[in-house]
Structures are given as structure tokens and as C-alpha cells.
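*Asks:* I am attaching a structure below and will ask some questions about it afterwards.
Just so it is clear, none of the values below were taken in a lab; they were calculated from the coordinates. In this text, all values refer to a predicted model and were calculated from it rather than measured experimentally. Cβ sites come from the backbone with ideal geometry, for glycine too, and all protein chains shown count toward neighbours.
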Amino acid sequence: MSELVKHSVSISGHRTSISLEPEFWDLFTEYAEQADLSLNALVTEIDATRTGNLSSAIRLFVLHHLLQENEKLNDRLSTLEKPS
């Protein structure tokens, strides 16, 4: 298992840090780029709707996106496998 790494971010101008495993951080930054958002903007969005710890909320965000990607891939595969 990976070590936690602290990252500094700003939420509405307030500096804070989040601790995430590198794998989660890499995917999180990738999703921010895909959405054409800065990391701070995406963190602020997640912070506005979270009910628990910010680091946990980011992990859940990443998990949600991974599950969505998996579902899309499975849908594409199932259409390819249908006999014509």
C-alpha cells in the first residue's frame, strides 16, 4: 500500500492540506484536467458537498468516476458482443 502524501490546496482562498495516496492524487488531477478545472476549483466543488473528511471525499469522487468509466466500458463491450 502506498504512503500518504500531503498536498496544499486552496478552498475559497483558504489554504489547507489534504493527504492522499499517489494513485488517488494522480487520478484526481487527471479528472480535473479532463473537466478543464483547476485542482483548487475541483477541491472547492467537492468541499461544498462533502459530509465527512475532505481526503475521504476526494477518494470517493475518484472511486465514483472509476465506476462510471467501468460502466461505460462494459456498455461498449456488451454492444460489441451482441450478435447481429
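*Asks:* Compute the signed sum of charges (Lys and Arg +1, Asp and Glu -1) over the other residues within less than 13 Å, Cβ to Cβ, of SER56.
*Replies:* Net charge around SER56: 0.
*Asks:* Would you calculate a helix-derived [θ] at 222 nm for the chain, using -39,500 (n - 2.57) for each DSSP H run of n ≥ 4 and dividing by the full residue count, to the nearest 500?
*Replies:* Values: 3 runs with 52 residues, N = 84.
So the calculated ellipticity at 222 nm is -21000 deg cm²/dmol.
*Asks:* Next question, about the same structure. If I histogram all Cα-Cα distances within segment 5-81 using bins 10 Å wide from 0, what percent of pairs lands in each bin?
*Replies:* The calculated distribution, bin by bin, is 18, 48, 22, 10, 3, 0.
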